[in-house]
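Enquirer: Quick one: structure below, then a few questions.
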Amino acid sequence: MSQTYNIYIGFDPKEEAAYEVLKWNLERIAKNPLNIFPLKKDVLEKIGLYNREYTEENGQKIDKIDGKPFSSDFSFTRFLVPALTMYKGWALYMDCDMYPRSDICELFEEYNDPFHALYCVKHEYVPKDNTKMDNQKQESYYRKNWSSLMLFNCEHPQNQMLTPHVVNTQTGQYLHKFGWLPDKPADIGSIHEEWNWLDGHSPEELEAKNVHFTTGGPWFYNWKCKREMDGKYAAEWNNDAVYMQTIGVLKDEVHKYFL
């Protein structure tokens, strides 16, 4: 019987189309069965796992813990993944603004050394713009985008320290910099960049296995491709979204992509 892999996807209502295309492609390409769970903030609040508070200023969310801006409903909920698995097995977290072009099962099969508490792509990324495509403030910080794709070894002793209380009370920088882990490069496993290919940053000659539209994607009204490679991958996303709409998988009201 095939191994089933657990995948948690960051969910935000304003990017529902992105989530649906990501989920559909993960399942379409995978050779093994997948358990895919959207991290819906309202559900996590109702079951008592998430209670982090924020304010809003001119449409920008501001975290009450550290007073820093953040852009999505899954900015912090992603760190609940080990708790949601009851600290058992391996689980992958992905931002919803990703587009897989290869079998995600390869990640679980290649990156599974129990020594590591988690694996990620170790980008050296500094955003060029101060805002994202949905007019949210773009923050620059050490290890930016490392947490956008994380393969958790959920039963690792270090990850058992990542409790819901920690997720709800620690600063955003503590969480996104992996503050619960020893600050040694070797302790964090490294995934090849093709699995978290960043638009406007990753090399054009590198063929993406998983595209990350980190500055916004074709589901946003004012999105425009910046480079030939960005446009290529956006066109692939768009073709899938059009097909999904024709077969009734993607709803009209969330289908707002423009090329």
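Enquirer: Non-local amide H neighbours of Trp90 (under 5 Å, H modeled in plane, Pro and chain starts lacking H): which ones?
Expert: Cys154
Enquirer: Further, regarding this structure: Which entries in the list Lys41/Lys232; Lys64/Lys209; Lys122/Lys251; Lys23/Lys232; Lys31/Lys144 go over 26 Å, if you measure between the two C-alpha atoms of each?
Expert: Correct reply: Lys41/Lys232; Lys64/Lys209; Lys122/Lys251; Lys31/Lys144.
Enquirer: Also, quick follow-up: Here are some values of percent of Cα pairs over 30 Å apart: (i) 23; (ii) 19; (iii) 34. Which one was computed from this structure?
Expert: (i)
Enquirer: In a shell of Cβ-Cβ distance under 10 Å around Leu206, excluding Leu206 itself, what net charge do Lys and Arg (+1) and Asp and Glu (-1) give? Mind showing how you got there, number by number?
Expert: On the way: positive: Lys209; negative: Glu193, Glu194, Glu204, Glu205, Glu207.
Combined, the nearby Lys, Arg, Asp and Glu give -4.
Enquirer: Ignoring everything except DSSP H segments at least 4 long, calculate the 222 nm mean residue ellipticity for the chain; use -39,500 (n - 2.57) per segment, divide by total residues, nearest 500.
Expert: -6500 deg cm²/dmol
Enquirer: Also, I was wondering about something else. What are the aspartates and glutamates whose alpha-carbon lies under 16 Å from the alpha-carbon of Lys88, with same-chain residues fewer than 8 places away excluded?
Expert: In chain and number order, the partners are Asp113, Glu155.
Enquirer: What number comes out for the charge environment of Pro82, summing +1 per Lys or Arg and -1 per Asp or Glu over other residues with Cβ under 11 Å away?
Expert: Its environment carries a net charge of +1.
Enquirer: Turning to a different aspect of this structure: Can you give the net charge of the other residues whose Cβ lies under 12 Å from the Cβ of Ile188, counting K and R as +1 and D and E as -1?
Expert: That sum, taken over residues with Cβ under 12 Å, equals +1.
Values in this text are rule-based calculations from the coordinates and carry no lab data. Note that the structure is a prediction, hence the values are computed from the model and not measured. Methodologically, a virtual Cβ is constructed for each residue, glycine included, from the backbone with ideal geometry; neighbour enumeration extends over all protein chains shown.
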